[in-house]
Amino acid sequence: MDIILLQNVQNLGDKHEIVSVKPGYGRNYLIPQGYGVIANDTNKKKLEKIIEDYKAEENARIDEYKAMAEKISGQTVKIGVKSGTSGKIFGKVTNVQIAAALKENFDIDLERRKINIADEPKEIGTYNATINFHDEVSETLQFELVKE
């Protein structure tokens, strides 16, 4: 059974993606919970229109994304983490923390999925994250982990 996802579903797919699932899972869970609809011809045409509108909206915002990228270009964001005496951090630094730091420091509100951390930080120091505002606009942000 093919389903068009209306929301991101963990371990299954992203919003507006067509996925194949077992019929019972689709009928008894995904559709009643509002996570998806059956991928018939009518719904596929609606999906194409939705994706077209979304892409047009994103293309209209390219200038806004470029302005955001210029704002963070060459900047360093400090993120407080708990660490041991040797400088090794406890836990993990995630894209959620970087998104919160961007909101706090630059008033830029981004989806966490648009932030990619190249190397997983394990110690106090400076690291890089790539922020993909749009397919055509991306910027590298330096973030510094400091001891709380």
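A few comments on the model shown:
- Checking each residue in region 120-148 for being under 12 Å from Thr76 (Cβ atoms) and not hydroxyl-bearing (Ser, Thr, Tyr) picks out Gly125, Asn128, Ala129, Leu141, Gln142, Phe143, Glu144, Leu145, Val146.
- All positions within region 84-124 that are surrounded by fewer than 16 Cβ atoms within 10 Å (Cβ to Cβ), assigned to a helix (DSSP H, G or I) and touching a residue at least 12 places away in the same chain (Cβ under 8 Å): Val96, Asn105, Phe106, Arg112, Arg113, Lys114
Conditions tested, residue by residue: (1) under 15 Å from Asp135 (Cβ atoms); (2) among the charged types (D, E, K, R); (3) surrounded by 13 or more Cβ atoms within 10 Å (Cβ to Cβ).
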| position | (1), (2), (3) |
| --- | --- |
| Asn8 | no, no, yes |
| Leu12 | no, no, yes |
| Gln33 | no, no, no |
| Gly36 | no, no, yes |
| Asp41 | no, yes, no |
| Glu48 | no, yes, no |
| Glu58 | yes, yes, yes |
| Asp63 | yes, yes, no |
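Where a number appears in this text, it was derived from the coordinates with a stated rule and is not lab data. Bear in mind the structure is a predicted one, so any value in this text is a computation, not a measurement. When we count neighbours, we look across all protein chains shown, and the Cβ atoms used for this are built from the backbone with ideal geometry, even at glycine.
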